[in-house]
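The values are calculated or read from the model by the stated rules, or taken from the named source; none is laboratory data. What you see is a predicted model; the values in this text were computed from it and never measured. Neighbour counts are summed over all protein chains in view; Cβ atoms, including those assigned to glycine, are modelled from backbone coordinates with ideal geometry. These area figures cover heavy atoms from the full protein model, side chains too; ligands, DNA and RNA do not enter into them. Shrake-Rupley method; radii C 1.70, N 1.55, O 1.52, S 1.80 Å.
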Amino acid sequence: GRTALLLALAGRFALSGGTLSVEGRSRPAQIRRRFTVAQAEPAIGLDDHHTVGDAIKETITVSGKAATAANIRAWLDRLGVDVDTGDAVGLLPRFERIRFAIACAAASRTPALVVDDADTGLNGAGGERVFETLRAFADAGQLVVAACARHDPTADIVLDLRTRSTARTPDLAAGRGRNGDAP
């Protein structure tokens, strides 16, 4: 359900009812152009058998060349992700694999990023590094829609699907952004 919801929000999963509108656009192809999915396995994810270099080439191809090798490298540097093009994706530590997927998705330069299972299988420190990576993307002005198992993600708005409750960080609830500015 959660993965299907994320893919539906990104225009990549057929709706059985209702309508989805993103910035006044309701056709799935129009919505898809607004989102890049970093991971939503098993439908969308990195291949364990590929090298980092292969995954970069695939990202460029799948993005219709919106992502470039230079753009991916810039995001890897910006996020502090240290991977070698010869590294096997399947052998990367889980938190580094997720951060690599986020950097590849960010390089596509869409206004929004979707990440499913952002912290699954990670200890506290690994989860924090992934959330820092997502925060860097959000601070660059893009929307991040992430699903996670943690009860305390560092996010501006948290929607708990189990309880259907919504919480905002104290600054946002008071009408201020993370730095005290208007959101």
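Between the labelled values (1) 184; (2) 121; (3) 132, the entry that holds volume of the Cα convex hull per residue in Å³ as derived from this structure is (3). At 222 nm, what value in deg cm²/dmol follows for the chain if DSSP H runs of at least 4 each add -39500 (n - 2.57) and the sum is divided by all its residues, to the nearest 500? Calculated at 222 nm, the ellipticity per residue is -11000 deg cm²/dmol. For the stretch 108-118, 3J(HN,Hα) computed residue by residue from phi via the Karplus equation (6.51, -1.76, 1.60; θ = phi - 60°) reads 6, 6, 8, x, 9, 10, 10, 9, 9, 6, 4 Hz, glycine and proline entered as x. FRET efficiency for the pair Arg32 and Ala125, taken as 1/(1 + (r/R0)^6) with r the Cβ-Cβ distance and R0 = 30 Å, rounds to 0.30. Residues in the chain average 55 Å² of solvent-accessible surface per residue, probe 1.4 Å, ligands and nucleic acids excluded.
Considering only protein heavy atoms and a 1.4 Å probe, what is the carbon-and-sulfur percentage of the accessible area of the chain? Present the calculation step by step, with values, prior to reporting the outcome.
Working: 5240 of 10130 Å².
The computed percentage sits at 52.
Quick one: work out the % antiparallel among DSSP beta bridges in the chain, nearest 5.
Working: 7 of 15 bridges.
In the chain, approximately 45 percent of DSSP beta bridges are antiparallel ones.
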